[in-house]
1. Nearest 0.05, what FRET efficiency do Glu452 and Tyr530 give at R0 = 41 Å with Cβ-Cβ as r?
2. Can you give the local net charge around Ala131? Use residues other than it whose beta-carbon is closer than 12 angstrom to its beta-carbon, Lys and Arg +1, Asp and Glu -1.
3. Suppose accessible area is computed on protein heavy atoms with a 1.4 Å probe; arrange Tyr533, Tyr148, Tyr153 from highest to lowest.
4. Treating only the Cβ atoms of Lys and Arg (+1) and Asp and Glu (-1) as charged, compute the dipole magnitude of region 222-304 about its Cα centre; round to the nearest 20 debye.
5. If R0 is 30 Å, what FRET efficiency do you get for Ala358 and Asp332 from their C-beta distance, rounded to 0.05?
6. Averaging the inverse of every distinct alpha carbon separation and then flipping it gives the Kirkwood radius. What is it for region 295-430, in angstrom units?
7. Quote to one decimal, in nm, the extra length available between Asn471 and His578 on full extension: 0.36 nm per residue of separation minus the C-alpha distance between them.
8. State the Kirkwood hydrodynamic radius of region 549-615 in Å, one decimal place, computed from all pairs of distinct Cα atoms.
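The values are calculated or read from the model by the stated rules, or taken from the named source; none is laboratory data. Note that the coordinates shown come from a computational prediction; the quantities given were computed from them, not determined experimentally. Note that we place each Cβ from the backbone using ideal geometry, even for glycine, and neighbour counts take in every protein chain shown. Only protein heavy atoms, including side chains, enter the accessible area calculation; ligands, DNA and RNA are left aside. Shrake-Rupley method; radii C 1.70, N 1.55, O 1.52, S 1.80 Å.
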Amino acid sequence: MRDDAVMLPRVAIRPAAGLRRGARLATRLAAGLGPRLLLAAALAALPATAGAEPAPERFAALFPAPVGPAPEAFGPPGPSDPAFAEPARPGPGPDLPPPEAAAPGADPANAPAATSRLALSLETLLAVVPAEGSTAAKKRRAAVAEFYRERDYAPAWIVDGRFGTAARAVATVIAAAGDEGLDPAAFAMPRLGAGDIAVPSDWARAELDLKLSLAVLAYAEAASGGRVAPRAISPLITRTPGKIDPIAALQDVQAAADPAAALAAFNPPHEDYRRLKAKLAEVRARPVAVRPAPIPDGKTLKPGMRDDRVALLRARLGVSGVAVDADVYDNDLAAAMRDYQRGAGLSDDAIVGPRTIAMLNGEGRDEAGEIVANMEMWRWMPRDLGTDHIFVNVPEFMVRIRRGGTVVHEARVVVGTVKNQTPVFSDSMSFMVVNPYWNVPHSIASKEMLPEIKANPAGYFARRGYEVVANGKVVDPSRIIWDENAIRAVRIRQPPGERNALGHIKFMFPNEHAVYLHDTPSRDLFERNYRAYSHGCVRVHEPFAFAEAIVAGEPSLTVDQVKALVGGRERRLDLENHLAVHLAYFTAWVDDTGVLQVRDDLYGHTTKVKKALGM
């Protein structure tokens, strides 16, 4: 083989296919593809017997020898030369002629900037071999091609014919993707052994370098934005994970002093995510537990009830001593049950239902699956939650306000029913309304109110204290012919007062779902453990304590000023310092004591994520 011939893959294609591909390459030449790159591509396109070397005569047939001295068109000798080494950034090497020495007829403007054999192989590979796979894979390939173009096709990971230190570092991160709840097999990594031996040819090196770049980018995308689209789980999850700049991501990782840390940093930075990651490792490392003798299923047990299973529960939880009756669920057993439930990540209400029985019987949960699904949902969250923010966790029925990373207030909440789900998104709280009107949503008026209104309009509005507003004025409901058209033409509202469905105050963060946090006259619901009763908005327990935690960041507003307005007309109070609001959905988290907490999958989001991940 001639010394100036570039190393190309051995291909076996039908002559007709070769001619068609040659025609396409000729078209690319007309479009300005450099002659040296075209030459390399043409050699790859010519028909050949499998395993055959590109013959010099085929080379000569395509491109007759130029008049004058033939330049070393493809750089220094091949990898068999003991002095072979690729520069970090290709440039004219000692064996390459200056531009003015190029072959007659060659256009220097079309000559590729990269001049090393490996760089030329990379350029050829990206130009000739088509992208395959999904739309996302093709976009990734295009971004990687641009990444190499911007570096003049210098290899990113191969150094002196081998995978360098940076390559081995990022390969280690990708191989450990399972620790992050990702699938290592999804990233099509080159074999790690390739870093221990010299890669035999320029083309093979180009393929390996490209493959590792594609794997690095695929990992960065999955780690930062997740593998599952939020809206594919529910149209009410209106989060849009941030898109990384693929070229900048590759450049940052490749040039980083610590490439492994730079790549791993694409995973969520949140403390809750890090806790889940640590718990996942712990769960996977546990030995398989021996299941105890089962406690029979039966009716739900509450403190004070009598049941034959009480003695079994005492024995299982190690509660000794009986005050009166061994079959009575007494306070000692209730206290032990609360401790057990708290440690098992259950609601510590001392109520022994099917889930608690299942845990006691060792049936357990798919803890690893729960953790991985919730880690995926963390990838949908904003990377910066805000130093000060409000965080509602729907399955937990809780809201917390954090300032400076510390929880300064927490309260029970009532969230939407399974039919009328609370949406999942983030926004910014900008004002509060004291003595709010409740403007009844059209869906509620149409589906829930209209039948009763039609039966007795005047009586219905008088009993409920609602008003009808048409053309900006309050009108007599008995003068309206009530049907679907009327419901759409008027507005039904409830004036401020004790009966108002929003209570005395609401907390506003304008959004596409028209939901908000608010007070409620139905305060008895906060005493229940299951609290999914609203039409989608979030009702807050002790709303003025909640308001106090919000106005703590306001320079000219106090909670006493807010309370003083109760009972008057509707008043809007703008916040000078807006607070980030996150309506979140997490069924698994690790609490401050290190215990994995798991809650029921209220809306089925977690189950759908697990299914989408193939779990």
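1. Numbers: r = 27 Å, r/R0 = 0.67.
Using R0 = 41 Å, I get an efficiency of 0.90.
2. Values: positive: Lys138, Lys139, Arg140, Arg141; negative: Glu132.
Counting the neighbours of Ala131, the net charge comes to +3.
3. Numbers: Tyr533 80, Tyr148 0, Tyr153 40 Å².
Per-residue accessible area, sorted high to low, gives Tyr533, Tyr153, Tyr148.
4. Values: 13 positive and 7 negative charges, 118 e Å.
It comes to approximately 560 debye.
5. On the way: r = 23 Å, r/R0 = 0.78.
Once rounded, the FRET efficiency stands at 0.80.
6. Working: mean 1/r = 0.0556 Å⁻¹.
Result for region 295-430 stands at 18.0 Å.
7. Contour length minus the Cα-Cα distance gives 35.2 nm.
8. On the way: mean 1/r = 0.0612 Å⁻¹.
After inverting the mean inverse Cα-Cα distance, the result is 16.3 Å.
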